[in-house]
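Written below as structure tokens is the structure these notes are about.
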Amino acid sequence: MGAVLGIDTSNYTTSAAVLRDDHTGVNAGKLLEVKKGELGLRQSDALFQHVKALPERFYELEEKGLLRDIKAVGASTQPRAVEGSYMPCFLAGASQGQTLATTLGVPCYGFSHQQGHVAAVCWSAGRLDLLDQPMLAWHLSGGTTELLLVVPEGSNVRCARIGGTTDISAGQLIDRTGQMLHVPFPSGKSLDRSAQFSDRKDCFKVRLQGLEFSLSGIENKVKDMVADHRLPSDIARFALLTIASAVERATQAARRQYPGLPVICSGGVASNTLLRQKLSGVTFAEPAFSTDNAMGIAVLTMRRLRQES
């Protein structure tokens, strides 16, 4: 059948991936540049950087001889597959994907960024079979902390939110903690490394209401720890353990409500060491495929192409 090309232009990363029909693939990604001390980008700046960075991602793939016999192109076109979900940054990948598909004379398919995350976990973990059965999925990122009920929908998946945070996301808490500790954005990797130098075991037990919880109050506790001149490693570990504990408890509650369903964890926060240690029996991607990437879009593109062939 050849290969397919996937494109994802999120608010954090420009990426393109090629997936072959034997399910082997390569992702080429680049973090967007954020000025020191800032927590993210304006959409206009993100869109501009994607337009500049996409040709370089294709060149990386071409250098490896991967842009051959492309049978379909897929792109993320929106954050979530729900009405009103829109971010201008996805226009870069969606328009480039349509142009490439038209030039190559192949179909172009659109998916949500969230659906791509779910598929990337299944591919990276060697569990593509999960895409053909109901499951629970966490999407933990800089902008999203959602617990999803995922069900097959043809070659794609439908993601329905059943829980998560009611205010700031886990990624926002991590990045705001990182800003207070003067580490670069995004702060996940830096806080993860720092937390390994602390042996503190306490965290704040957030209140769980059904499958939802709030993280905004933790930011104030972090501010107090910084004002008290606590060790950065202790502060990092406190914040990360609090997130991991909240996610763990919500996962346990969800398993009681949806017994027998497998659980996967996606998004950049899912690469965190403490979270992986806390969540037993949960399927994770390799860290490189937990963060924003185009491989999941390529997987869904291949599945759609096979369905229509």
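The values are calculated or read from the model by the stated rules, or taken from the named source; none is laboratory data. Model, not experiment: these values are computed from the prediction. For neighbour counting, all protein chains shown are included, and Cβ atoms are generated from backbone atoms with ideal geometry for every residue, glycine included. Areas reflect the complete protein model, heavy atoms only, side chains present, ligands, DNA and RNA absent. Shrake-Rupley method; radii C 1.70, N 1.55, O 1.52, S 1.80 Å.
Key figures
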read-out	value
Scan of the stretch 33-62 for residues that are open to solvent by less than 10 Å² (accessible area, probe 1.4 Å) and over 30 Å from residue 181 (Cβ atoms), ordered by number	54, 61
Extreme residue, nearest to the chain's Cα centre (by Cα), among residues of the stretch 56-99 that are in a helix (DSSP H, G or I) and of a type in the set (D, E, K, R)	57
Top-ranked residue in the stretch 82-94 [being closer than 18 Å to residue 12 by Cβ and of a type in the set (A, V, I, L, M); ranked as least open to solvent (accessible area, probe 1.4 Å)]	92
The stretch 262-283, subset touching a strand residue (DSSP E or B) at 6+ places or on another chain (Cβ under 7 Å), of a type outside the set (Val, Ile, Thr) and closer than 14 Å to residue 145 by Cα, residue surrounded by the most Cβ atoms within 10 Å (Cβ to Cβ)	266
Wholly enclosed helices (runs of 4 or more DSSP H) of the stretch 211-292 bearing at least 2 residues modelled with pLDDT under 95 and out of contact with any Phe, Trp or Tyr (no Cβ under 6 Å at 6 or more places or on another chain)	216-227, 287-290
Hey, residue 30 assigned to a strand (DSSP E or B), open to solvent by 40 Å² or more (accessible area, probe 1.4 Å) and touching a Leu at 6+ places or on another chain (Cβ under 9 Å) or not	no
Residues (farther than 21 Å from residue 115 by Cβ and in contact with a helix residue (DSSP H, G or I) (Cβ under 8 Å, 6 or more places away or on another chain)) located in the stretch 247-275	248, 272, 273, 274, 275
Verdict on residue 53 being of a type outside the set (Asp, Glu) and in a helix (DSSP H, G or I)	yes
Criterion: touching an Asp or Glu at 6+ places or on another chain (Cβ under 8 Å), open to solvent by less than 40 Å² (accessible area, probe 1.4 Å) and within 26 Å of residue 43 (Cβ to Cβ) - qualifying residue of 164, 97, 74	164
Strands (runs of 3 or more DSSP E) fully within the stretch 120-196 counting 2 or more residues that are without any contact (Cβ under 8 Å) to a residue 24 or more places away in the chain	145-153, 156-165
Residue list for the stretch 123-150, restricted to those being open to solvent by 30 Å² or more (accessible area, probe 1.4 Å) and either on the phi > 0 side of the Ramachandran plot or in contact with a Cys (Cβ under 9 Å, 6 or more places away or on another chain) (or both)	126, 128, 129, 149
Qualifying positions in the stretch 100-119 - hydrophobic (A, V, I, L, M, F, W, C), touching a strand residue (DSSP E or B) at 6+ places or on another chain (Cβ under 6 Å), part of a helix (DSSP H, G or I) and open to solvent by less than 40 Å² (accessible area, probe 1.4 Å)	101, 118
Qualifying residue in the stretch 287-304 (condition: basic (Lys, Arg), in contact with a Ser or Thr (Cβ under 9 Å, 6 or more places away or on another chain) and closer than 22 Å to residue 134 by Cβ)	yes
Residues of the stretch 1-22 classified as within 20 Å of the chain's Cα centre (by Cα), open to solvent by 20 Å² or more (accessible area, probe 1.4 Å) and within 24 Å of residue 105 (Cα to Cα), total	0
